[in-house]
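Below is one structure, written out as structure tokens; comments come after it.
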Amino acid sequence: MALLNPIRRIVPRISYLSVRRNYAEEPEPKMIVQDKKGLVLGVFQEAEGNFKFTTAASTFNRQTGGRLEELLKEAGGKIPKGKVQVYHNLDPEYLAVAVVGIGPEDAGLNTLEYLDEAKENVRIAAGAGAHVLRKIGANRIYVEGFNDQVEAAAEGACLASWRFQKYRDVHFTKKILLLDLYNDPDKTSWLRGINKAEAQNLARELSDSPPNRMTPSLFSQAAAEYLCPCGITVEIRDKEWIESKNMTSFLAAARGSCELPILLELGYCGGGTDDKPIVLVGKGVTFDSGGLCLKKCKGMMEYRADMAGAAVIVATMRAIAMLNLPINVTGVIPLCENMPSGLAIKPGDLVTASNGRTIIVDNTDKEGQLILADALLYGINQFKPKMVMDIATISRGMRTAIDCAASGAFCSNDGLWSELKKSGAITGDRVWRFPLWKNFTKKVTKISAADMTNQGFGPGGDPCLAAAFLREFVPCGDWIHLDITGSGMLQCRKDVPYLSKGRMTGRPTRTVIQFLTQMVNYDPSAREPREKK
């Protein structure tokens, strides 16, 4: 089906060896399309306003007889971070050479910013260089390793090269861009960076798809197509199965749409058979109109990405399978639409979660709480995990609080928060911790008509109230809740040039992958004590 084109058509899986092999196996050399090669090189900015070549750029400069250095000095010698100078005819092998400013050489971990600035500067530089070379017609781009920052360079170039053109006419589709590593032996880091970036690009594609082309059933089919070839098990649970598990809270939220709800269950077994899994739960509302509490028409189209949490989980599962992480991970994704109709849930309705707790629906636009409650209970009771993480676009208040600069994090354990914080600093896709205080819990539980309300009382604090609600359905164990309403939907940050403006971001896919990578060696005995409920 055209709807389920493999990811390689949009975000090609690129490696040095595979590119060489494809050309070697071409039976008729005359059929090979001529490469238009581009090269991305970097320069550091020194305090005096001078520049300093990276190792690869210095080597290239010697190969050109010092011509590159002469041209840079003629241009003033100063290239600010993320800015690009393009030179032609320096080497007959390359259509053009893009020299990109990386910023200061001594950049490193900025604890105030929660950011490894050395890595992020390289992502920005590699992305800017690849973007400019693509615009001038290069179809194969070689990117240097920026002095042992190969993984970050691969991420920046691959993310900047992605375009959402799945539904464009073939005559207007831009050519697929090939990426490769230049003059660096660290192919492993390059492929790891490409893998992580491709995963984020997959999340971007899923969350950016038109809502009539990414319904619960079509999302399930797409997940199966992307994940099954990687050895991940995909179980598609239908409405009858959901009813058999008494997930009436989930069913109530899905009632207003003619699209039937689905619970998607994903399984990756990279660890031992006796190892407890990490459970990832993702909100999968493939279109959120708000139900009877209808959203404003302006901006409603963005809520085709109300399943961004589900998209991140699918992309993450694919990446960890490709990386062969020695860990067990299970994904639980409730899929539905939130629509207004004669059958839709009404403000004031009473629903019952699968654990028997009753919920007053004060706001039908807060359907995420209803579907995640049952999904969390199922994931915990069925799989007995060592940790649970849910990812959801659950509160517009998160965007009000921190815009899209970071994903909001609620964590029941200081040790896990330290690992998550570290992951965000490494990937440049940061997280910021919000409180799980008891007064928020009281605002969602202290009512007389039922056990809970899906909205809570009092002005403000929507993200914290949503987290307090979900926490009531995590009876034990370690838990992280990521609210990605700001970070995971439309790109709005001007300081991330390697993400396309006006398109979905796919965040925080790389942060979740990095976090799971760190969890392989995580020592629970060395962590901070888990917070008491």
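None of the figures in this text is laboratory data; all of them are computed from the coordinates on show. All figures in this text were calculated on a predicted structure; none of them were measured in a lab. In this analysis, Cβ positions are derived from the backbone assuming ideal geometry, glycine residues included, and neighbour counts consider all displayed protein chains.
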(request) Could you go through the range 465-471 in sequence order and give the Karplus-derived ³J(HN,Hα) for each residue, using 6.51 cos²θ - 1.76 cosθ + 1.60 with θ = phi - 60°, rounded to whole Hz, and x for Gly and Pro? (result) 5, 5, 5, 5, 4, 5, 4
(request) Using per-residue counts of other Cβ atoms within 10 Å, averaged over each peptide, order 132-145, 162-175 from highest down. (result) 132-145, 162-175
(message) What is the sum of charges, Lys and Arg at +1 and Asp and Glu at -1, for the other residues whose Cβ falls under 11 Å from the Cβ of R237?
(response) -3
(message) For a quick check: with amide H placed at 1.01 Å from N, whose amide H comes under 5 Å from G270's, ignoring anything fewer than 5 positions away on the same chain?
(response) I327, N328, V329
(request) Mind jotting down a quarter of the surface of the convex hull over the alpha carbons of the range 227-520, in square nanometres, one decimal? (result) 14.6
(request) Kindly write out, for the range 134-149 in residue order, the coupling ³J(HN,Hα) from the Karplus curve 6.51 cos²θ - 1.76 cosθ + 1.60 (θ = phi - 60°), rounded to whole Hz, with x marking Gly and Pro. (result) 5, 5, 8, x, 5, 10, 9, 10, 9, 10, 6, x, 6, 6, 6, 10
(request) Give the peptides 65-72, 177-184, 515-522 in descending order of average Cβ contacts within 10 Å, highest first. (result) 177-184, 515-522, 65-72
(message) Rounded to the nearest 5, what % of DSSP beta bridges with both residues in the chain are antiparallel?
(response) 45
(message) Sorting check: for 484-491, 382-389, which peptide has the highest mean count of neighbouring beta carbons within 10 Å, and how do the rest follow?
(response) 484-491, 382-389
(message) Roughly how far apart, in whole Å, are the Cα centres of the range 381-421 and the range 296-320?
(response) 16
(request) Write down the percent of antiparallel bridges among all DSSP beta bridges whose residues are both part of the range 227-520, to the nearest 5. (result) 45
